[in-house]
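For reference, the structure is listed below as structure tokens.
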Amino acid sequence: MVRWPILCVAIACLTPTGASAGAVADTLTFPAILVNRSKAPRTVEVSITASAARLALMPGKVTDVFAFNGSVPGPTLEVREGDRVIVHFTNNLAEPTSIHWHGLHLPANMDGSPLEPVQPGGKKDYVFTLEPNTAGTYWYHPHPDVRTGYQVAKGLYGGLIVRAARDPLPAMPEKLLILSDNRFNPDGSLNFSSPRTAEAIVDEENGREGKVMLINGQVKPTIQIRSGEVQRWRIVNAGASRVYRLAIPGQSFLQVGTDGGLFERPVEAKEVFLSNSERVEVLVRGTEAPGSSTTVQNLPYDRYAVQTRPAAWKETHTLLTLAYTREPRVTPVTVPATMRVIPALDTSRATVRRTIVFAQGMINNRMMDMARVDVRAKLGAYEIWTIQNVVGMDHPFHLHGYRFQVLDRNGVPERVRRWKDTINVPKHTSVRFIVHFDANPGKWMFHCHILDHEDHGMMGILEIN
Ligand SMILES: [Cu+2]
């Protein structure tokens, strides 16, 4: 039997039941942090290589994957506001790829979009500077033309944390949870539907979902918490199409942030919702007694078109166990009532209003064409976009390079001001947001973030000049 001891450390060793071999391996582990090899102040210089690898993703099996620096998920890029970031990227895959820094505000040629592929054997240096007030939880993934869903499913995704120059939250244990799912054949290989099969049609419609739900590559791990303790969880939905409604029975989250960082004030939330590519920051409060345990669940959510809705869509899934240590209860840290100010983008400054119509597989009745510009906007402009979903399934909208503020969802004014780069647009509804094209001229993608939809043409190009 082939053994993969090093790989087991990176992704935890799972037993055939999906539980771990022992108490230690059961605990949620975290991807390595990329090592900064720059000595210069406020500079982070790292290397990332995409290559084929064989990892023990499933118990007792070896899976052919694509991996950033040999691990799935890839290592976490941790940086600070104001940092100059230099990523030396090497593509050791046999196909073109790229790294898209999802949610970051950077020059267009650094965005890793389908317009900037890195060829097999090729290299690219991604260089950008993180602006003030952009602290938050982001992620990175490939974005090659028509192959994004495949490459992410093969294992290319990783976390990206931008730390604040001055974080308003008190020090507390922090966890990065990268949610993903996948589909495996009995031999451990990844399962992709064959073209022209019923399964392929369902994948194309729903987006490829897998029954195996992973957190940092682990199945049903455990997070330890001490009674009274408050933990800060940064959660990323890196799934191609699965959305999450997270809940802890009997208690609520204190949601403190989303895609573009912290809210102005914490918000009590019985559940948190993440469509594809969305992020949340929540505080989990250890309200239970020492030695007890509870679970984090994924509640059912009907994002589907009726004709391809899976029979089991109403099931609730346990994602992880929250296990209380036997240590005596500690006094919880105090969370500030106000965390920061998010200036509202002024709607009276908007000079252009657009409607972007999402239909199945198309945007504004057109499929993606790399040679076409769909929307032209002026550098410096404020614009109000309405994303209108005219079909019977949800589509999450993502705009590259710029964060926006949602004004209303289906006419209901947004209650909590927040910075977003991805927003779910439920079936037969619309979402309105304001965006400021303040810098970085060039061509930018906007698309549905169900990766199968994006790959099949549900994407357009915005050119800012
Ligand atoms: Cu879609």
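The values are calculated or read from the model by the stated rules, or taken from the named source; none is laboratory data. Note that the coordinates shown come from a computational prediction; the quantities given were computed from them, not determined experimentally. Don't worry about glycine lacking a Cβ; one is built from the backbone with ideal geometry, like all the others, and counts go over all protein chains shown. Heavy atoms of the whole protein, side chains included, go into the accessibility calculation; ligands, DNA and RNA do not. Shrake-Rupley method; radii C 1.70, N 1.55, O 1.52, S 1.80 Å.
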**Report entry** Those residues of segment 441-465 which are open to solvent by less than 30 Å² (accessible area, probe 1.4 Å) and assigned to a loop (DSSP other than H, G, I, E, B), in sequence order
**Finding:** H449, I450, G457, M458
Report task. Identify, by number, the condition in (1) in contact with a strand residue (DSSP E or B) (Cβ under 9 Å, 6 or more places away or on another chain); (2) more than 30 Å from F263 (Cα to Cα); (3) not polar (S, T, N, Q) that Y138 doesn't meet. Result -> (2)
Query raised in the report: Would you call T63 without any contact (Cβ under 8 Å) to a residue 60 or more places away in the chain, surrounded by 18 or more Cβ atoms within 10 Å (Cβ to Cβ) and within 23 Å of F184 (Cβ to Cβ)?
Result: no
Report task. Identify, from the list I450, I464, the residue that is modelled with pLDDT of 95 or more and away from the ligand (no atom under 16 Å from the Cβ). Result -> I464
**Report entry** Members of segment 194-217 that are without any contact (Cβ under 8 Å) to a residue 24 or more places away in the chain and under 28 Å from L246 (Cα atoms)
**Finding:** E199
**Report entry** Selection status of S293, more than 23 Å from the chain's Cα centre (by Cα) and modelled with pLDDT of 95 or more
**Finding:** yes
Query - Subset of segment 304-313 (residues that are within 22 Å of I248 (Cβ to Cβ) and surrounded by 17 or more Cβ atoms within 10 Å (Cβ to Cβ)) - result: none
Query raised in the report: Of the residues A359, A371, which single one is free of Cβ contacts under 8 Å to residues at least 60 places away in the same chain, within 25 Å of Y150 (Cα to Cα) and either within 16 Å of the ligand (Cβ to nearest atom) or surrounded by 18 or more Cβ atoms within 10 Å (Cβ to Cβ) (or both)?
Result: A359
Requested in this report: Would you be able to say whether some residue in segment 342-354 is under 24 Å from the mean Cα position of the chain (by Cα), farther than 25 Å from A135 by Cβ and either within 16 Å of the ligand (Cβ to nearest atom) or open to solvent by 70 Å² or more (accessible area, probe 1.4 Å) (or both)?
Outcome: no
Query - Unique residue being modelled with pLDDT of 95 or more, more than 14 Å from the ligand (Cβ to nearest atom), part of a loop (DSSP other than H, G, I, E, B) and on the phi < 0 side of the Ramachandran plot when the list is V416, V406 - result: V416
Report summary line: (1) among the acidic types (D, E); (2) assigned to a strand (DSSP E or B); (3) in contact with a strand residue (DSSP E or B) (Cβ under 6 Å, 6 or more places away or on another chain) all hold for E288 apart from (2)
Requested in this report: Would you list the strands (runs of 3 or more DSSP E) that sit entirely within segment 113-209 and hold 1 or more residues that are surrounded by fewer than 22 Cβ atoms within 10 Å (Cβ to Cβ)?
Outcome: 123-129, 158-163, 174-182
**Report entry** Enumeration of residues in segment 21-52 that are open to solvent by less than 50 Å² (accessible area, probe 1.4 Å), within 18 Å of L177 (Cα to Cα) and either modelled with pLDDT of 95 or more or not acidic (D, E) (or both)
**Finding:** A25, T27, L28, T29, P31, L34
Query raised in the report: of a type in the set (D, E) and surrounded by 18 or more Cβ atoms within 10 Å (Cβ to Cβ), is that true of E281?
Result: yes
Query raised in the report: Does L246 satisfy being in contact with a Ser or Thr (Cβ under 7 Å, 6 or more places away or on another chain), among the aliphatic types (A, V, I, L, M) and either part of a strand (DSSP E or B) or open to solvent by less than 10 Å² (accessible area, probe 1.4 Å) (or both)?
Result: no
Report summary line: Taking segment 219-253 and keeping only residues that are more than 16 Å from the ligand (Cβ to nearest atom), farther than 15 Å from Q297 by Cα and among the polar types (S, T, N, Q), one is left with Q224, S227, Q231
Query raised in the report: Within segment 249-274, how many residues are open to solvent by less than 10 Å² (accessible area, probe 1.4 Å) and outside any strand (DSSP E or B)?
Result: 2
Report task. Would you mention how many residues in segment 264-320 are among the hydrophobic types (A, V, I, L, M, F, W, C) and under 26 Å from S227 (Cα atoms)? Result -> 13
Report summary line: Restricting attention to segment 379-403, the residues that are away from the ligand (no atom under 16 Å from the Cβ) and of a type in the set (D, E, K, R) number exactly 2
